[in-house]
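The values are calculated or read from the model by the stated rules, or taken from the named source; none is laboratory data. From a predicted model like this one, the values you see are computed outputs, not experimental measurements. Here the Cβ is made from the backbone with ideal geometry for all residues, glycine too, and neighbour counts use every protein chain on show. Please note that ligands, DNA and RNA were not included when accessible areas were found on the heavy atoms of the full protein model with its side chains. Shrake-Rupley method; radii C 1.70, N 1.55, O 1.52, S 1.80 Å.
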Amino acid sequence: MVLWGVTLAAIQTNFMVEDYKDRQTRKKVAALTFENVMTYYSIFPPESTVYYEADARFVSDAEIHKIIETIPGGVKVTWNEAIMCDNNPYDSRDNYEYYREAEPTAKTYIKSRSRRPMSQLRELKGYPILMRRNEGYAGQLLPIQYPRHDADCRLSSVMRMHMPDGSVKRFEKHSEVVQVRGVIPD
């Protein structure tokens, strides 16, 4: 009978310790900001000037910090992005307007990733910014093409980090400007 009592007390104590650790982990995760987990240094086009109707491509300079490895199950990051264009680039005023909306994307991060050297990033061709041709899930994914006129365009990215406790951390970043100039190449 005494053995049962000791075993039961040990199980209950273990449960209380684990519950305490779980609450502490949840508090730490809830206190994190987007920048504590991931730092976006810049988003830039692989080329600063492109021809009319060129495919929109961008490179991300980001780092995922070690703290992500302490978060149970990692974190899911979603991106809602749009290409914004200043359709009158010669008036010396920045007036960026919605041009095209990109297909939302998501990725779950579990491990840290250090920042790549800028020399490596500049050699990349960038990732294409995709959109659905038709509404709904059945539409074909196609790269967004820049306008058929002179414009200054940039990628506007709203990132949301979905934490295991249900909280969402929001971060917004605009890319460096890409100049759309010239004629349509043959």
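A compact table of results
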item	result
Residue list for the stretch 71-87, filter: surrounded by 14 or more Cβ atoms within 10 Å (Cβ to Cβ) and out of contact with any strand residue (DSSP E or B) (no Cβ under 6 Å at 6 or more places or on another chain)	71
Which listed residue, of 107, 111, is open to solvent by 90 Å² or more (accessible area, probe 1.4 Å), free of Cβ contacts under 8 Å to residues at least 40 places away in the same chain, within 21 Å of residue 76 (Cα to Cα) and not hydrophobic (A, V, I, L, M, F, W, C)	107
So residue 126, is it on the phi > 0 side of the Ramachandran plot, modelled with pLDDT under 85 and either of a type in the set (A, V, I, L, M, F, W, C) or within 20 Å of the chain's Cα centre (by Cα) (or both)	no
In the stretch 155-167, the residues that are part of a strand (DSSP E or B) and open to solvent by 60 Å² or more (accessible area, probe 1.4 Å)	160, 162
Condition met for residue 90 (in a strand (DSSP E or B) and either open to solvent by 70 Å² or more (accessible area, probe 1.4 Å) or out of contact with any helix residue (DSSP H, G or I) (no Cβ under 8 Å at 6 or more places or on another chain) (or both))	no
Only one of 148, 170, 100 that is over 16 Å from residue 40 (Cα atoms), among the basic types (Lys, Arg), open to solvent by 60 Å² or more (accessible area, probe 1.4 Å) and not in a loop (DSSP other than H, G, I, E, B)	100
Filter result (surrounded by 11 or more Cβ atoms within 10 Å (Cβ to Cβ) and either out of contact with any Lys or Arg (no Cβ under 9 Å at 6 or more places or on another chain) or closer than 15 Å to residue 58 by Cα (or both)) within the stretch 124-141	124, 126, 127, 128, 129, 130, 131, 132
